[in-house]
Amino acid sequence: MRRLTFARLIPGAIIALGLIVAAAAFAASSHAATSHSNTLTFSHAVALPGVELPAGSYVFDIANPDTSHDVVIVRQNGRVQYMGITLPVQRPPRMSLNQPVTLREARPDTAAPIDTWFPLGSSSGHQFIYR
């Protein structure tokens, strides 16, 4: 019968630990590569359901990409400005992959409502629900 010694177990444990670390690093980099986060800058006020956003830069993101892609969160300087459920939609065939939003019509004296956010380069987007 062959006896395993502690000295023989250490190299195998080091290799296993190395593989676990490599897999975790790959998973983290894969998640970053598929991130839907976009920083968008508006020169005029825009609106989302229940909130008006003054001109400025905002980060649009999926609230929790691991569980649901339907909840969008919008932040400015780290502060949440909006969070809400959206409807999944496909990017129109002739729409540029570099166009991040579509706007609804609005009166000249009001902020234009954002109808849909399309993460840059993505063929699908998030349509905001207005009541």
Out of everything in the range 33-53 that is among the hydroxyl-bearing types (Ser, Thr, Tyr), more than 17 Å from Phe128 (Cα to Cα) and not in a strand (DSSP E or B), what residue ends up being modelled with the highest pLDDT?
Ser43
Restricting the range 96-108 to residues that are under 20 Å from the mean Cα position of the chain (by Cα) and in a loop (DSSP other than H, G, I, E, B), which is surrounded by the most Cβ atoms within 10 Å (Cβ to Cβ)?
Pro100
For the range 72-91, name all the residues that are surrounded by 12 or more Cβ atoms within 10 Å (Cβ to Cβ), part of a strand (DSSP E or B) and touching a residue at least 24 places away in the same chain (Cβ under 8 Å).
Val72, Val74, Gln81, Tyr82, Gly84, Ile85, Thr86, Val89
Taking the condition among the aliphatic types (A, V, I, L, M), touching a residue at least 60 places away in the same chain (Cβ under 8 Å) and surrounded by fewer than 16 Cβ atoms within 10 Å (Cβ to Cβ), does Ile129 pass?
yes
Are there any pairs, at least 6 apart or on different chains, whose C-beta atoms fall under 9 Å, with the first in the range 92-105 and of a type in the set (S, T, N, Q) and the second assigned to a loop (DSSP other than H, G, I, E, B), and if so, which?
Asn98/Leu120; Asn98/Gly121; Gln99/Arg91; Gln99/Phe118; Gln99/Leu120; Thr102/Pro92; Thr102/Met95; Thr102/Phe118
Check the range 58-71 and report whether any residue there is in contact with a Gly (Cβ under 9 Å, 6 or more places away or on another chain), surrounded by 13 or more Cβ atoms within 10 Å (Cβ to Cβ) and at pLDDT 95 or above.
yes
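The values are calculated or read from the model by the stated rules, or taken from the named source; none is laboratory data. The model shown is predicted, which means the values in this text are computed figures rather than measured ones. Cβ atoms come from the backbone with ideal geometry, glycine included; neighbour counts cover every protein chain shown.
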